[in-house]
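Structure first, commentary second.
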Amino acid sequence: MTLVVAGSLLAGCSAQGANGGPRRTGSSAHTASPGAAVSPSGGSTATPVFTPDAGLVPRTSRDGQRLVDSVVFAPGDWGRGFVAQDPAESTPGTWAVLDDSCRWAREKAPRGVLAGLSRYSLLPAGGGKGAVKVTAAATAHSSVLGADEQLSTTLEEVLRCPEQQPRADERITGLNSLGTPFGTREQDYADDSVLEAGQYVEKGGAAQPYEWMVARLGKVVVAVSVTGGKGHTEHELQQLGATALGRMLGRVQQRLKEK
C-alpha cells in the first residue's frame, strides 16, 4: 500500500508551510497555519476502511506488543543503507508525552494503551548528502475511542506547541498540522489521519524539513517521521515517509484480517 494521495497532499501543505518560514518537527506532517488545522472525525467512521477479525484484535498487553513488534519498521525495512540509531527503540511499556514546556519525554503508558513501540533509524551522510533520520511507531489501544483521541491530541499539540523539543539537542519549529478523516477526496487509506510539517534543527545546525504522518485503523495507530539533511529534496523525504506509512498500515491489515 503506497500512499500516493497522501504524498501529494503533503507536497501541497509543505509548500504552503515553506512560504511562512520554519515549520515544526517531531510528529506528523503539514499545512497552512496552526489556526487552520482541521480536527479528526472525532470517532469511528460509519464505514471503516478495514474490518478486522474480532478474534485477532489484541485484548491484552502481550497481544498488543506482538502486534506492534511485527508492524513497526526496523532499519532494513526503510531501504538499503539504513542503520539503527542509538537508542534503537523505545522502552517497553512507555509512550511519548509532550509536557507543559513543549518537551517530549517517555512516560508509562496509560490505561487503555495495550502496547506501543517506536524504532529509530538513520541513513548516514555520504555521497555529498546529509543524514536522513526516521522514526516508525505503532500504538495498540483497547478501544477505537482511545485510538481516535490519540489523533485528536496530536492536532491539539501543534496548536499548543508550534515549537517542540524532541531531545535536549534537537528542536522542531514552525509546526503545522492537518487532519483528514476517511472519505475525503484526499484520504482513502485509513479511518483517520493527521499530517504535520516543520523544520528540524540539531545542535545549532542548519534547519532541515521535517514530516510526521499518523494514521489510524480501528484500534491501532501507526506513525512515521522523516527529516533529511543537505541534498535530500522534500519530495524524496515525503515519498519515503508515505511509503513506510502505507506498508505499516498494510501489515496491520495482514495481521488482523480473517484467515
Could you give the distance between the Cα centres of the stretch 123-142 and the stretch 195-259, to the whole Å? 8
Cα shape, the stretch 118-169, gyration tensor, a/c 1.5 rule: oblate
Taking a ≥ b ≥ c as the square roots of the eigenvalues of the Cα gyration tensor of the stretch 110-226, is the shape rounded (a/c under 1.5), prolate (a/b larger than b/c) or oblate? prolate
At 7 Å along the Cα-to-beta-carbon direction for both L159 and K203, put a label point, then send me their distance in nm to one decimal. 3.7
With labels modelled as points extended 7 Å from the Cα through the Cβ direction, what inter-label distance (nm, one decimal) is found for K257 paired with R167? 3.7
Footprinting exposure proxy for Y200, Y120 (fewest neighbouring C-beta atoms within 10 Å first): Y120, Y200
Taking 19 Å as the cut-off for C-alpha to C-alpha distance, list the pairs among K219/K257; K108/K203; K108/K133; K133/K203 that go past it. K108/K203; K108/K133
Apply the a/c threshold of 1.5 to the C-alpha gyration tensor of the stretch 63-139 and tell me whether it is rounded, prolate or oblate. oblate
Can you give the Rg and Dmax of the stretch 210-259 based on its C-alpha atoms, in angstrom? 13.1, 46
What net charge is computed for the residues neighbouring P52, neighbours being all others with C-beta under 11 Å from the C-beta of P52, Lys and Arg scored +1, Asp and Glu -1? +1
With 10 angstrom as the radius, rank V97, V226 by how many other C-beta atoms surround their C-beta, starting from the fewest. V97, V226
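No value in this document is a laboratory result; all are computed from the given coordinates. Nothing here was measured: the structure is a model prediction, and the numbers come from that model. Note: ideal-geometry Cβ built from the backbone for every residue, glycine included; neighbour counts use all protein chains shown.
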